[in-house]
Every structure is written in structure tokens, then in C-alpha cells.
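J.: Below are the C-alpha cells for one structure; questions will follow.
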Amino acid sequence: MDAAAREAILADWKAESAIPVPPDTSQIGCAAAILAAVLAAGVPAVLRALHVTLLVAVGAVLLGTFAVIFAWGVFRGMTGKAKGFNAVAARAAEALGRLSTHPDDRGPEARRAAVALIHCAFFSNGPSLETTFEFDPARERLGSTLPFVMDVEKVLLEAGAYPVFTKP
């Protein structure tokens with residue numbers, strides 16, 4: 001692969017890396033659930049210590065509010081990274097579809113799709129790293145385009161990409 005092709009691949013990698021990913025809000029949800037649980041447990045003790053008595057209806061509304069915040073926090077904690085993962089997985093699926101439906105294309109569109117496929121093969125929200133598609137079925141689906149994608153990947157491995165179709 002000549003220097004111009006390598007530079008084009010690296011430029012596509014940089015452009016792909018600049019595409020924003022929806023933020024991971026699972027930590028916010030977890031914090032909200034913990035805060036709601038602590039407040040639900042602690043507010044009655046504080047009110048008793050201050051000799052404050054609430055009407056039953058006010059207490060029920062307060063407890064209901066804590067319950068709703070807790071439930072929202074648990075939900076957000078469990079689904080907070082899904083938007084980011086789904087966005088990256090969709091880009092990978094689109095790239096895989098482009099490459100598999102145009103097996104003879106080796107132009108800029110195919111190069112960008114190959115870069116996107118390699119870039120979006122993994123999703124990381126910090127402490128974890130997940131694959132966005134199954135690699136072996138993707139190999140089969142790529143067919144005659146696989147050597148081209150592997151050539152692009154070899155360039156990207158030097159730039160710090162994780163191996164997808166080639167062995168390091």
C-alpha cells in the first residue's frame with residue numbers, strides 16, 4: 001500500500017474518531033438511585049430528631065417521589081450506555097452492509113466503510129469493552145472484500161486500533 005493510501009486511511013480514522021457518541025448516563029442513574037435510597041432512609045430520622053411531624057399525605061408524596069427517583073435511577077443505570085453502544089453498532093452494521101453489497105469497490109467509499117467497520121467494532125464506555133458485531137459471521141459476509149478490509153486494518157493497527165480480522 002502506498003503512502004498516499006496510508007495517509008487517506010489515517011485521515012478517515014481521524015474523521016471517524018471525531019464522530020460524537022451519545023454520552024453514558026448510567027453513572028448518573030446509579031448516583032440518583034443511591035441518593036434516593038439514602039434520603040428515603042434518612043429523612044424520617046432527621047425529621048424525628050428535629051421533632052417535625054409531617055401530614056400523612058405529605059409523607060406519602062415525599063416517599064413516592066423518592067421511589068420514582070430510585071426507579072428512574074435504576075433504569076438509567078441499567079440502560080445508560082445503550083444509546084452509545086447502539087450508535088456505534090449501527091455505524092458498524094452500515095459499514096459492513098456497504099462493504100458486503102459492493103464487493104468489488106476499492107475506492108474512497110469502500111475505504112471509509114472499512115475504516116468505520118474497524119473503528120466501530122468495539123465500544124468502550126470506560127471500564128468495559130464490548131464488541132458491536134460477531135467477527136466470524138462478518139468475515140463470511142465480507143467474502144472477497146475481506147482482504148481489502150484486512151489491508152486497511154493493518155494500517156490502523158499501527159495507529160492504535162484493536163485487531164478485528166487480523167491477528168496481532
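J.: Might you let me know whether segment 37-44 holds any residue that is β-branched (Val, Ile, Thr), touching a Phe, Trp or Tyr at 6+ places or on another chain (Cβ under 9 Å) and in the same structural domain as Ile118 (by TED's automatic domain parsing)?
T.: no
J.: While we're looking at this one, here's another question. Only one of Val58, Val38 is over 30 Å from Val115 (Cβ atoms) and modelled with pLDDT under 90; which?
T.: Val58
J.: Suppose we filter segment 144-168 for residues that are out of contact with any helix residue (DSSP H, G or I) (no Cβ under 7 Å at 6 or more places or on another chain) and either in a helix (DSSP H, G or I) or surrounded by 12 or more Cβ atoms within 10 Å (Cβ to Cβ) (or both); how many remain?
T.: Final tally of qualifying residues: 8.
J.: Which of the following residues is on the phi < 0 side of the Ramachandran plot and in contact with a Lys or Arg (Cβ under 7 Å, 6 or more places away or on another chain): Pro22, Pro44?
T.: Pro22
J.: Can you report the number of residues in segment 78-98 which are of a type in the set (Lys, Arg) and under 15 Å from Phe133 (Cβ atoms)?
T.: Within segment 78-98, residues that are of a type in the set (Lys, Arg) and under 15 Å from Phe133 (Cβ atoms) number 2.
J.: Can you tell me which residues in segment 125-143 are at negative phi, loosely packed, with under 14 Cβ neighbours inside 10 Å and either among the acidic types (Asp, Glu) or in contact with a Pro (Cβ under 9 Å, 6 or more places away or on another chain) (or both)?
T.: Residues satisfying the conditions are Glu130, Glu134, Asp136, Glu140.
J.: Further question: Are any residues in segment 4-33 at pLDDT below 90 and among the hydrophobic types (A, V, I, L, M, F, W, C), and if so, which ones?
T.: If the condition is that a residue be at pLDDT below 90 and among the hydrophobic types (A, V, I, L, M, F, W, C), then Val21 is the only one that fits.
J.: Of the residues Val21, Val56, which single one is of a type in the set (Val, Ile, Thr) and without any contact (Cβ under 8 Å) to a residue 12 or more places away in the chain?
T.: One residue alone meets the criteria, Val56.
Residue by residue, here is whether (1) buried (at least 16 other Cβ atoms within 10 Å of the Cβ); (2) under 21 Å from the mean Cα position of the chain (by Cα); (3) over 30 Å from Glu158 (Cα atoms); (4) touching a residue at least 24 places away in the same chain (Cβ under 8 Å) holds:
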{"position": "Cys30", "(1), (2), (3), (4)": "yes, yes, yes, yes"}
{"position": "Val46", "(1), (2), (3), (4)": "no, no, yes, no"}
{"position": "Val88", "(1), (2), (3), (4)": "yes, yes, no, yes"}
{"position": "Ala95", "(1), (2), (3), (4)": "yes, yes, no, yes"}
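The values are calculated or read from the model by the stated rules, or taken from the named source; none is laboratory data. The structure displayed is predicted, hence computed values, not measured ones. Here Cβ is always computed from backbone atoms with ideal geometry, including for glycine, and neighbour counts include all displayed protein chains.
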